[in-house]
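The values are calculated or read from the model by the stated rules, or taken from the named source; none is laboratory data. From a predicted model like this one, the values you see are computed outputs, not experimental measurements. Here the Cβ is made from the backbone with ideal geometry for all residues, glycine too, and neighbour counts use every protein chain on show.
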Amino acid sequence: MKGSKNQQKKEELSSQLGKLFEDELKDIYWAEKALAKALPKMAKKATSEELVEAIETHLEETEEHVNRCEKIFKLLGKEPRGKKCEAMEGLINEAESIMEDTEEGVMRDAGIISAAQKVEHYEIASYGTLRTFAETLGLQEAVELLEATLNEEKKTDEMLTELAVSNINQEAAEEPAE
């Protein structure tokens, strides 16, 4: 019975959707690893203690997201391998530009939140799609891992919104333009 289950999994992964699933997994794996390198820079440039704490918490989650991707690769019988994610590279570059172009303080914090939420929205879209693909392919363990990550990404996005609207955006709005 187990042999037929493994055979079925191999057949599903050899489908067009299976190939796309694997390709998208490589993409988000690369993206998460790149983000793990970028988040400490964002935390260092942030001034709000709450924002620094949020970024540091998300860094820990991001490291777990990398681990979950690796578990999914293993479920597929594949070696974890990333494929350069042009979208994440662009989002990280944009975040770096925002941090370079703004003075230290609430304006930079507002910019960091903006950049971080763009990253979160990309990740939410990616993990939602991957989860749906995994459901279609009958990869239940992968579905559970992807769902856990998706929920964490949504929670981070909500927390960033709360930080922005509770005080950072208002303080930035009160700063005079140069």
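Apart from one condition, E86 fits all of (1) touching an Asp or Glu at 6+ places or on another chain (Cβ under 7 Å); (2) without any contact (Cβ under 8 Å) to a residue 12 or more places away in the chain; the exception is (1).
Being in contact with a helix residue (DSSP H, G or I) (Cβ under 7 Å, 6 or more places away or on another chain), without any contact (Cβ under 8 Å) to a residue 60 or more places away in the chain and of a type in the set (D, E) holds for only one residue in E56, E61, and it is E56.
Looking across region 136-152, the residues that are crowded, with 18+ Cβ neighbours inside 10 Å and not charged (D, E, K, R) come down to L137, L139, A142, V143, L145, L146, T149, L150. Right, A177: of a type in the set (G, A, S) and modelled with pLDDT of 95 or more or not? When the stated conditions are applied, A177 does not pass them. Scanning region 153-175 turns up at least one residue that is buried (at least 22 other Cβ atoms within 10 Å of the Cβ) and among the acidic types (D, E).
Go through the residues of region 134-145 one by one and say whether even a single one is among the aliphatic types (A, V, I, L, M) and within 16 Å of the chain's Cα centre (by Cα). Yes, region 134-145 has at least one match.
The residues listed here are E152, E141; of these, the one that is charged (D, E, K, R) and touching an Asp or Glu at 6+ places or on another chain (Cβ under 8 Å) is E152. Looking only at region 29-43, which residues are farther than 12 Å from E61 by Cα, under 11 Å from the mean Cα position of the chain (by Cα) and surrounded by fewer than 22 Cβ atoms within 10 Å (Cβ to Cβ)? Once the filter is applied, which keeps residues that are farther than 12 Å from E61 by Cα, under 11 Å from the mean Cα position of the chain (by Cα) and surrounded by fewer than 22 Cβ atoms within 10 Å (Cβ to Cβ), region 29-43 yields W30, A34.
On the given criteria, is Y127 under 20 Å from W30 (Cα atoms) and touching a Ser or Thr at 6+ places or on another chain (Cβ under 7 Å)? The answer is yes for Y127.
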